[in-house]
Amino acid sequence: MIGVLFFLSHCSTKKNTPINRAYHTVTSHYNINFNGKEALKAGEKSLYENVKDNYTTILPIYPYPAKEELSSSLSSFNRAIEKASKSIYKHSIFIKGKEYVRTMDDAYLLMGKAYFHKQDYMQAQRVFSYIISTHKKGNCKEEAMIWLVRSYVRQSYFPRAEAMLNEAHAAIIPLKSKKYNRLFHAAAAEYYLTAPDGDKQMAIDHILDVLKNKPSKKFRNRLYFILGQLYESMELTHDAHQYFLKVIKGNPSYELEFNARMHLASNYDGTPASKAEILKVLNKMLKEEKNREFRDQIYYAISEIARIDEDQKEQIKNLRLSVSTSTSNDFQRSYSALKLADIYFNSEMYPEAQAYYDTATVSLPRNYPNYSNIIKKNKILTDLVTNLNVIYTQDSLQRIAALSPSARTVWVNNMVNNYIRKENEQKKAEADKELAIQRALGMANVNVTNPTSTTGKWYFYNPTLVTAGRTEFIKKWGTRKLEDNWRVSNKQQISFDDLTAINEPANAYDDDDDDSDSTRTKRENDPKKPAFYLQDLPLTAAAKDSSDGKIANAMYNAALIYLDLLGDKEKGNNMLEKLIQRYPKHQYTAPSLYLLYLNYSKDKNPKAEEYKNIILSQYPNSDFAKLIIDPKYNEKLLAEAEKLKKKYEETYIAYSNKQWTKTVALADEALPVCNDSLLKPKFLYLRAIAIGQTEGEKTLKEEMLRITSLYPKSEVAGLARLFLDQAPSSGTKSTSKLDEKNAKNDDSKELFVVSPQEQHFLIMLVNVHKIKSTIQDIKGDIAAFNREFYSLLNINISSIYINQNEQMLTLAKFKNKETALEYYHNIIESEKFYAYNKTKAIVTYVISASNYTSYYNHPDERHLYESFFKQHYLNDDK
């Protein structure tokens with residue numbers, strides 16, 4: 001007993017005695033710290049095995065996988081942090097600001113490294129800073145300084161990184177430690193390669209210093225490769241060549257060796273003999289089965305030889321092959337596609353450029369240089385190509401429509417027969433391919449078209465079949481990211497403010513994979529039937545006019561893109577001249593003439609006078625003629641537009657503050673002088689709401705009818721129609737409260753349905769007379785709540801009057817009942833909305849998409865939803 005007590009007394013971390021220090025040092029070092037370091041090693045091994053390098057850019061000194069790719073390593077890093085924390089908690093003797101157990105700084109360093117590899121750089125920074133400030137005489141201070149530099153670099157705190165780099169240099173260099181020198185110079189090279197004002201030559205110098213301190217073979221080969229890339233970027237071809245050769249001689253991984261050979265090919269000296277030798281090697285590599293997945297890089301290397309020889313035709317040919325043969329290397333596919341797109345763009349071959357920009361952006365990482373400019377350029381070209389395709393398509397349809405009925409029938413029959421012939425050829429080719437695969441693999445008895453077959457080899461264990469399947473997929477769908485709704489090409493979120501579909505929200509928010517526009521007439525979708533080819537032909541005068549309208553609109557839009565976004569005056573002017581020649585009396589003729597006048601005037605081209613005279617003679621009262629006569633006319637127009645805009649803002653503020661009489665007065669002032677087709681219906685809408693508040697629902701209904709008849713396509717017309725659809729007719733009798741109560745349970749069951757897995761909305765019924773703030777203020781409070789607690793959800797907010805006293809706010813959309821209810825409880829219990837809900841100034845419900853439709857279409861029965869909500873949402877939730 002005495003011995004046990006004596007032993008336990010010396011295990012205390014409160015007493016600083018030699019025995020205590022020795023016990024805690026030995027126990028922590030050989031037990032907890034050891035296990036933690038093993039966990040860290042396992043995590044690092046898993047991390048570096050799974051990371052995929054992008055060889056199209058200069059490799060980083062250390063590879064950093066994307067955060068979502070850390071999952072396989074996280075458990076090891078978490079275990080390392082847990083062990084380090086346990087070691088500190090159980091064994092640290094920290095008295096009066098001093099640590100007496102020598103292994104504690106090892107535990108802190110272990111913890112910091114684990115946080116760093118988890119990419120929690122802020123937490124890692126704190127740990128390394130603590131080691132430097134607290135364990136000044138420990139054995140880990142210098143290494144902590146190096147890791148702190150790397151933490152600053154990863155967070156882009158470059159001034160801090162540079163200052164700490166200088167401190168580390170002063171502390172480490174005198175020690176003459178190979179380990180610390182390797183780590184220091186590697187961190188310094190990383191800094192100079194990452195910092196915006198980094199110096200490549202300084203990076204090279206530090207990499208050479210790392211190599212002097214005998215790094216591991218794997219790290220040495222990586223550094224050789226980086227040196228080759230750096231010298232290549234500095235156009236020091238001979239030096240680059242030497243280091244790529246060192247990579248190959250260093251017995252590296254096959255991937256690194258392969259890429260070194262590719263760089264050697266692109267750094268040839270331009271002599272015929274050298275070119276012939278390199279092409280011989282590259283063509284041999286193309287034929288080798290082991291290089292099948294690297295063919296995209298081989299073709300890119302061949303394209304680089306053509307680039308150096310200034311053979312653009314050959315360069316384009318091999319870049320196209322690089323893109324088409326790329327199977328798994330998204331970096332190379334994007335890089336080759338961008339190179340090709342840039343060539344086409346600079347050659348003003350915009351449709352071809354758009355196709356390859358589109359290919360590149362599918363898998364282009366967000367941190368790619370000039371990412372935003374590439375995306376912007378692709379969008380511009382997509383818009384241009386869309387308009388050019390409209391012109392081409394409508395011209396083709398008109399040409400076929402102009403044929404005689406017999407000639408048109410012959411054309412249709414040819415189209416049907418050609419489709420059937422190609423389909424049969426494709427089926428035969430697929431059958432031949434399948435048979436060849438079966439013979440090659442000795443699997444003639446296996447039905448490879450059925451991956452669920454219980455005999456033979458499973459489809460996904462057969463790389464040949466997988467590759468063939470992927471090729472067929474790309475042929476049909478193109479290159480798509482692995483994500484939800486991959487069939488949908490345009491995944492931009494539909495705004496809930498589009499109230500034209502609000503009467504059928506269940507359909508409006510359906511994530512259907514068919515992104516084509518619906519039509520009233522059923523379309524023929526079978527290419528084997530003549531109707532498929534005849535259905536779009538403009539065979540009537542009205543259809544011909546519609547087709548001409550599409551062409552003129554597309555020509556004008558394309559001209560604007562050429563002129564304003566691409567800066568291609570020649571193509572823009574040519575398109576405008578084609579438009580006015582083809583459609584001399586179209587609505588776009590006058591603006592096209594004026595644009596031509598301006599463009600030719602800037603170039604002092606005599607054509608400017610010609611177009612000026614046409615405008616003055618044929619459009620003497622137009623704004624364009626007035627602009628030519630009075631150059632300051634545009635300033636007057638802008639001043640009037642600005643004045644009207646301010647008047648609308650003033651009217652809207654009065655409306656938001658529920659100053660109904662003032663709203664009507666301001667709208668009445670503006671409407672007689674307002675010629676803006678966008679603002680005028682908005683003035684009318686604000687006036688209608690305000691006058692409805694003062695004169696009653698009948699007047700409100702009349703004003704809404706006026707808006708829908710005068711401006712049926714305006715933005716507010718949808719709101720007006722919504723009100724009219726749900727407004728009670730004059731013959732509607734109000735239901736007594738007693739009848740409502742008696743019928744409530746039965747009616748709510750028939751009207752509303754329980755759909756917990758359906759998409760849900762959250763609605764807030766706001767009594768405008770009970771709230772002190774405005775609807776805009778409440779929307780702002782909701783937006784602030786969402787930013788703080790639900791920043792990852794894209795929650796759209798819309799509002800509309802549902803009667804004279806209430807506006808309904810709709811928050812959309814939530815995946816199902818459960819997620820919507822969670823949001824409901826959090827927002828009604830929040831500081832901003834608790835009082836509103838308690839006083840019933842705002843009544844909040846969760847509602848499914850289908851019930852939302854019923855709620856809107858049955859205004860007299862909306863009161864039934866309260867009991868339905870309590871029974872099926874609040875009671876179930878409890």
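Where does region 806-877 land on Rg(C-alpha)/(2.2 N^0.38 Å)? Numbers along the way, then the final one.
Details: Rg = 12.3 Å, N = 72, 2.2 N^0.38 = 11.2 Å.
So the Cα radius of gyration is 1.10 times the expected 2.2 N^0.38 Å.
Here r is the Cβ-Cβ distance between K98 and K178 and R0 is 22 Å; the resulting FRET efficiency, rounded to 0.05, is 0.15. With a 1.4 Å probe rolled over the protein heavy atoms of all chains, the accessible area of E650, E142 falls in the order E650, E142, largest first. When every Cα-Cα distance of region 611-715 is counted in 5 angstrom steps from zero, the calculated P(r) takes the values 2, 12, 18, 17, 15, 10, 9, 7, 5, 3, 1, 0 percent. Between M122 and N525, the modelled label-to-label distance comes to 5.0 nm, taking each label 7 Å out from Cα in the direction of the beta carbon. Using a Förster distance of 30 Å, how high is the FRET efficiency between D860 and N794, based on the Cβ-Cβ distance and rounded to 0.05? Computed FRET efficiency for D860 and N794: 0.35. Here the simple spin-label model places points 7 Å from the Cα toward Cβ, and for D548 and R421 these points are separated by 3.7 nm.
How compact is region 791-837 by the rule of thumb for globular proteins, expressed as Cα Rg over 2.2 N^0.38 Å? Kindly include the intermediate steps, with their values, before the conclusion.
Values: Rg = 12.3 Å, N = 47, 2.2 N^0.38 = 9.5 Å.
Rg over 2.2 N^0.38 Å, computed on Cα atoms: 1.29.
Taken one residue at a time, the phi angles of region 806-816 give Karplus couplings (6.51, -1.76, 1.60, θ = phi - 60°) of 10, 10, 10, 8, 10, 10, 9, 10, 10, 4, 7 Hz. Gly and Pro are set to x. Which residues among region 636-669 fall inside the zone where the amide N is under 12 Å from a point 7 Å beyond the Cα of L710, along Cα→Cβ? Flagged as within label range: 667-669. Residue ranges 68-75, 188-195, 28-35 sort as 188-195, 28-35, 68-75 when ordered by packing (mean number of other C-beta atoms within 10 Å per residue, highest first).
Per q in 0.13 1/Å, what log10 I(q)/I(0) does a Debye calculation on the alpha-carbon atoms of region 297-395 return? The Debye formula, applied to the Cα set alone, gives -0.47. Placing a label point 7 Å from the Cα of L874 along the Cα-to-Cβ direction, the residues of region 760-798 whose backbone N falls under 17 Å of that point are 762-766. Hey, can you grab everything whose amide H is under 5 Å from the amide H of K813? Only 5+ residues off in sequence or another chain; H modelled, so Pro and N-termini drop out. For K813, whose amide H was placed from the backbone, the distant partners under 5 Å are N796. Each of S71 and E38 was given a label point 7 Å from its Cα along the Cα-to-Cβ line. The distance between the two points is 2.7 nm.
Return the FRET efficiency for the residue pair K604, N574: r is the Cβ-Cβ distance, R0 is 30 Å, and the value is rounded to the nearest 0.05. Working shown, then result.
Working: r = 19 Å, r/R0 = 0.63.
Efficiency at R0 = 30 Å is approximately 0.95.
Expected output is a single nm value to one decimal: the length gained when fully extending between D197 and I629, i.e. 0.36 nm times separation in residues minus the C-alpha distance. What is it? List each step's numbers first, then the result.
Working: separation 432, 0.36 × 432 = 155.52 nm, distance 5.30 nm.
150.2 nm is the gain from fully extending D197 to I629.
What the Kirkwood sum gives for region 561-675 is a hydrodynamic radius of 16.9 Å, with every pair of different alpha carbons counted.
Take region 514-651 with all the other protein chains still there, run a 1.4 Å probe, and you get 64 Å² of accessible area per residue. Ligands, DNA and RNA left out, the 1.4 Å accessible surface of region 386-436 is 58% carbon and sulfur atoms.
Extension gain, S129 to K770, is 225.3 nm, computed as 0.36 nm per intervening residue step minus the present C-alpha separation. Of the listed residues Y652, Y115, the order by accessible area with a 1.4 Å probe, largest first, is Y652, Y115.
The values are calculated or read from the model by the stated rules, or taken from the named source; none is laboratory data. What you see is a predicted model; the values in this text were computed from it and never measured. Every residue, glycine as well, gets a Cβ built from its backbone with ideal geometry; the counts of neighbours run over all protein chains shown. With ligands, DNA and RNA removed, areas are computed over all heavy atoms of the protein, side chains included. Shrake-Rupley method; radii C 1.70, N 1.55, O 1.52, S 1.80 Å.
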